[in-house]
Amino acid sequence: MKQIQFPRTKCHVTCGDVVSEKLTKPERSLVKHNLSCRVQLLLPEASFQRMELQLAGLRASTFQMTIPSLNALLSPGFIALVAAHRLCVVSEGHVDHEDMFAIVSKLSTKAVRMVLNLSELTYQRCGLMGKRSQLLSGILKQKKYQVVYADVCANDEQQQWDRLLWSSDKIFQNTKITVTCSTDETAIAETKAYLSLIGTVTHTVVGPQVQRFTSVDTPKTLSYSQHLKENPPYAESLLKDHLESYTLDLLEWLAYASVNGQQLTQEVDPYVSSYSVRDLDGTCKQNLVCVTWDGLIATDFLSFKLHQLQKGKDWSCVASYGLADTPISFGLQEHGFHENGQNDVVVLVTGDKYTLWEILGGRDGY
């Protein structure tokens with residue numbers, strides 16, 4: 001596995017072997033996004049035809065409602081529901097100006113994490129132990145504080161948890177929340193039944209939207225390892241520059257292909273666009289299909305199921321676009337497109353190899 005960081009372009013690229021790693025690194029990168037506003041699957045038409053029926057049933061469920069206070073969600077029954085079905089709960093608002101919270105299930109242990117993003121006044125009223133939010137440092141005059149519960153109801157956080165229970169009926173009153181759920185019918189039914197006990201629930205289903213692109217210029221080599229064998233750099237010292245150039249060109253092609261860019265389907269006046277896919281080891285014409293899920297999506301179940309569907313000899317690409325202005329994004333970081341947290345994750349699988357791009361905004365860091 002190769003890991004290369006490109007500080008100039010704010011892009012972290014990892015190349016590895018699917019068979020030996022079982023795609024753990026790309027899956028974890030997708031899942032750690034917690035919330036996404038768009039997920040795309042790009043693949044050849046022949047591959048899509050083999051899994052069309054499976055993709056048609058791949059839907060994300062979302063519940064919206066208004067809770068009387070945060071206390072309504074802190075019962076052991078709901079926490080157990082979050083852990084069992086990997087629910088993701090987030091309050092609606094703007095992380096810069098409003099109190100917000102999120103509840104998510106940890107990937108490896110299923111421990112339930114909760115993140116509170118509070119104004120200075122609310123933070124002082126609750127008496128909780130947290131840290132200054134880095135998101136607003138030096139930008140706005142008001143102070144925000146972040147309180148993280150790594151494992152809700154854990155013994156080592158009992159005092160902190162007791163303080164929250166004491167103040168929970170005073171904060172987040174009449175707050176709109178969104179709960180994302182998997183495609184499992186049992187999970188959907190149990191989540192809806194529990195939330196209905198709190199108030200009126202609106203259930204939304206996010207289904208796939210299919211677009212077909214014909215005669216798209218496609219690079220003959222989509223695997224970097226294959227490209228390296230056929231086009232080795234002149235010197236070992238140029239390997240990083242060689243990798244950077246090729247992988248960023250490949251990422252640019254994936255961006256054009258996902259929107260059916262005219263540069264890939266017909267001749268374009270060079271004064272309009274100078275882009276040419278022919279720089280990527282030559283091209284061939286291929287029919288592509290782009291499947292898109294638009295809406296608030298917890299990327300865990302989508303990423304796992306999509307990668308299970310992708311097992312084959314052909315190539316496929318999954319892209320997850322992060323959601324701005326939420327108390328959590330990549331891991332437990334606060335998210336703004338020009339602040340903290342990884343914004344977009346792109347995974348290209350070619351046979352038994354993968355290439356992973358983790359793309360950040362202009363002011364983000366590692």
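The values are calculated or read from the model by the stated rules, or taken from the named source; none is laboratory data. Source: prediction; values computed, not measured. So basically every Cβ, Gly included, is an ideal-geometry build from the backbone, and we count neighbours across all protein chains shown.
What about Ser47, is it small (Gly, Ala, Ser), at pLDDT 75 or above and closer than 13 Å to Val345 by Cβ?
Values: small (Gly, Ala, Ser): yes; at pLDDT 75 or above: yes; closer than 13 Å to Val345 by Cβ: no.
Criteria not met by Ser47.
No other residue among Val82, Val39, Val90 is under 19 Å from Gln209 (Cβ atoms), modelled with pLDDT of 85 or more and in contact with a Ser or Thr (Cβ under 6 Å, 6 or more places away or on another chain) apart from Val39.
As a summary of the residue check, Lys25 satisfies the conditions (1) surrounded by 14 or more Cβ atoms within 10 Å (Cβ to Cβ); (2) modelled with pLDDT of 85 or more except for the one numbered (2).
When Asp162 is tested against (1) surrounded by fewer than 14 Cβ atoms within 10 Å (Cβ to Cβ); (2) modelled with pLDDT of 90 or more; (3) more than 30 Å from Ala257 (Cα to Cα), only condition (2) is not met. The set of residues from segment 67-91 being in contact (Cβ under 8 Å) with a residue 60 or more places away in the chain, loosely packed, with under 15 Cβ neighbours inside 10 Å and out of contact with any helix residue (DSSP H, G or I) (no Cβ under 8 Å at 6 or more places or on another chain) comprises Pro68, Pro76.
So, Asn287, is that one modelled with pLDDT of 70 or more and touching a Gly at 6+ places or on another chain (Cβ under 9 Å) or not? First the steps, then the outcome.
Details: modelled with pLDDT of 70 or more: yes; touching a Gly at 6+ places or on another chain (Cβ under 9 Å): no.
No, not satisfied.
When you scan segment 47-128 for strands (runs of 3 or more DSSP E) that lie fully inside it, which ones turn up with 2 or more residues that are over 19 Å from the mean Cα position of the chain (by Cα)? Can you show your working first?
Numbers: elements: 60-67, 88-91, 100-105, 112-119.
In segment 47-128, 60-67, 112-119 are the strands (runs of 3 or more DSSP E) which contain 2 or more residues that are over 19 Å from the mean Cα position of the chain (by Cα).
Yes/no per residue for (1) modelled with pLDDT of 80 or more; (2) out of contact with any Leu (no Cβ under 7 Å at 6 or more places or on another chain); (3) of a type outside the set (Ser, Thr, Tyr); (4) within 25 Å of Val347 (Cβ to Cβ):
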| site | (1), (2), (3), (4) |
| --- | --- |
| Ile171 | yes, no, yes, no |
| Ser182 | no, yes, no, yes |
| Ile188 | yes, yes, yes, no |
| Leu195 | yes, yes, yes, no |
| His203 | yes, yes, yes, no |
| Gly207 | yes, yes, yes, yes |
| Val210 | yes, yes, yes, yes |
| Lys220 | no, yes, yes, yes |
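Inclusion of Arg125 among residues that are basic (Lys, Arg) and within 17 Å of Thr326 (Cα to Cα) is not warranted. The lone criterion from (1) surrounded by fewer than 19 Cβ atoms within 10 Å (Cβ to Cβ); (2) modelled with pLDDT under 75; (3) under 18 Å from Lys353 (Cα atoms); (4) among the hydrophobic types (A, V, I, L, M, F, W, C) left unmet by Leu239 is number (3). Contact annotation: residue pairs with Cβ atoms under 6 Å, 6 or more positions apart or on different chains, pairing a residue in segment 195-217 that is in contact (Cβ under 8 Å) with a residue 12 or more places away in the chain and farther than 30 Å from Gln266 by Cβ with a partner that is surrounded by 14 or more Cβ atoms within 10 Å (Cβ to Cβ) and among the aromatic types (Phe, Trp, Tyr), are Leu195/Phe63; Val201/Phe63; His203/Phe63; Val206/Trp293. Scanning segment 355-366 for residues that are modelled with pLDDT under 85 and either assigned by TED's automatic domain parsing to the domain that holds Glu27 or not hydroxyl-bearing (Ser, Thr, Tyr) (or both) returns Glu358, Ile359, Leu360, Gly361, Gly362, Arg363, Asp364, Gly365. Of all the criteria given as (1) modelled with pLDDT of 80 or more; (2) buried (at least 18 other Cβ atoms within 10 Å of the Cβ), the one not satisfied by Val31 is (1).
Restrict the check to segment 175-194 and report whether at least one residue is part of a loop (DSSP other than H, G, I, E, B), loosely packed, with under 14 Cβ neighbours inside 10 Å and either more than 24 Å from the chain's Cα centre (by Cα) or assigned by TED's automatic domain parsing to the domain that holds Thr326 (or both). Step through it out loud before you land on a result.
Restricting attention to segment 175-194, the residues satisfying the condition of being part of a loop (DSSP other than H, G, I, E, B) are 182-184.
In the following step, the residues that additionally are loosely packed, with under 14 Cβ neighbours inside 10 Å were identified as none.
Looking for residues that are part of a loop (DSSP other than H, G, I, E, B), loosely packed, with under 14 Cβ neighbours inside 10 Å and either more than 24 Å from the chain's Cα centre (by Cα) or assigned by TED's automatic domain parsing to the domain that holds Thr326 (or both), one finds none in segment 175-194, hence no.
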